[in-house]
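Visitor: Okay, handing you the structure first.
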Amino acid sequence: MTIKTALITGIAGQDGSYLAELLLAEEYRVIGTTRDVRRASADLVAGLSGKVELLEWNMLDERRATELLALCRPQELYNFAACSFGSGMYDDPVEIGEVNGLAVARILEAIRETDQSIRFCQASSREIFGAESESPQSEQTPAIPRSPYGAAKLYADSMVRIYRRHYGLFACSAILFNHESPRRGLDFVTRKIAREAARIKLGLASELRLGNLEARRDWGFAGDYVRGMWLMLQQRQADDYVLASGETHSVREFCECAFGYVGLDYRDYVQEDAAAYRPSEPTLLVGNISKAKQALGWEPRVGIRELVSMMVEADLQTLSGKPSVIGAENSV
Ligand code: GDP
């Protein structure tokens, strides 16, 4: 029996696909919106084809937002559509501002106009914290973004808070730290390492060139983070939460673990290329998840070792021609 309808923007990306799987298991009717239905159908993970409905929605089209909400009548709306690139957080600041920032105001307006009982979850980002941040970061940490991407996400968070307080909407922001999976885009360092470790193991490549091996991140499994966002919308009150693993690991440790999984020593294959260093790195990014633990009963189930093994194993299987679990190559 179908109990609820959920609308997910950016359904063909990593988070959209994991959330869709979770919601289908909870017997939701799942509708995904995308800029291009034909492309999104091709990008969907195999298990979702035919199970989710896809509708076109250009996030810059405000009238379409109202039209879609009136048509679909969702109880829950998850906004995962965003411009997201590991190193491209400075590229095209105007488009990033439109899609990652202003589009959220459009959605909130559409909810206010159509049905104020719709529960809304915005996928925010640790990128709202800039170089001057304290560490670890919590919901109370002052947000001083250092990139157009972070600034747009912060604008969206502010609108979520304003609509929650001023109009009483059930609107939440999930401040997400890095979350990875076999469905992560190849631009991100975790997936690049996992895939290359698998290729080297299979004799398809012989070296892996990376930037700064000492860079550290708070990496978790995307499947855990979408569960956190779903839990946020099941509460009595809307609020914002940091979702993170609460620990950091270096790129070097990630390599050690990934190559170790296939029985190789990363030092024999990985080349550190100083030219590929980022010009600036943020403060040590690590989330404080006390609030999510306490209020949602949420904590990550998949640790770093399990995450790395899952990613390398998935790439090994895909490269050896076994059925793919990867599907969505785009991040959200
Ligand atoms: P994000 O920067 O946290 O969004 O995620 P990335 O996966 O793009 O980068 C994580 C860290 O890995 C950054 O500090 C990068 O400087 C570092 N890094 C080292 N080598 C690479 C590489 O080849 N590609 C990417 N994307 N990042 C790298």
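The values are calculated or read from the model by the stated rules, or taken from the named source; none is laboratory data. Because the structure is a prediction, the values reported are computed rather than measured. Here Cβ is always computed from backbone atoms with ideal geometry, including for glycine, and neighbour counts include all displayed protein chains. Remember, those area values only see protein heavy atoms, side chains included, never the ligands or the DNA or RNA. Shrake-Rupley method; radii C 1.70, N 1.55, O 1.52, S 1.80 Å.
Visitor: Which pairs turn up if I take residues in region 267-279 that are farther than 22 Å from Ile200 by Cβ and near the ligand (Cβ under 10 Å from one of its atoms) and look for partners that are open to solvent by less than 90 Å² (accessible area, probe 1.4 Å) and in a loop (DSSP other than H, G, I, E, B) with beta carbon separation below 6 Å, at least 6 apart in sequence or on another chain?
Guide: Tyr277/Gly211; Tyr277/Asn212
Visitor: Go through region 256-281 and give me each residue that's modelled with pLDDT of 95 or more and in a helix (DSSP H, G or I).
Guide: Hits for region 256-281 are Glu256, Cys257, Ala258, Phe259, Gly260, Tyr261, Tyr266, Arg267, Asp268.
Visitor: How do the helices (runs of 4 or more DSSP H) wholly within region 145-243 filter down when requiring 3 or more residues that are within 14 Å of the ligand (Cβ to nearest atom) and open to solvent by 30 Å² or more (accessible area, probe 1.4 Å): which remain?
Guide: The helices (runs of 4 or more DSSP H) meeting that bar are 189-201.
Visitor: While we're on this one: Would you pick out the residues in region 203-227 that are more than 28 Å from Arg278 (Cβ to Cβ) and in the same structural domain as Asp15 (by TED's automatic domain parsing)?
Guide: Once the filter is applied, which keeps residues that are more than 28 Å from Arg278 (Cβ to Cβ) and in the same structural domain as Asp15 (by TED's automatic domain parsing), region 203-227 yields only Arg227.
Visitor: Select from region 281-301 the residues that are loosely packed, with under 13 Cβ neighbours inside 10 Å and over 18 Å from Asp218 (Cβ atoms) and list them in ascending order.
Guide: Listed by number, the residues that qualify are Gln294, Gly297.
Visitor: Same structure, new question: Residue by residue through region 247-257, note down the ones that are more than 12 Å from the ligand (Cβ to nearest atom) and open to solvent by 40 Å² or more (accessible area, probe 1.4 Å).
Guide: The answer is Glu247, Glu256.
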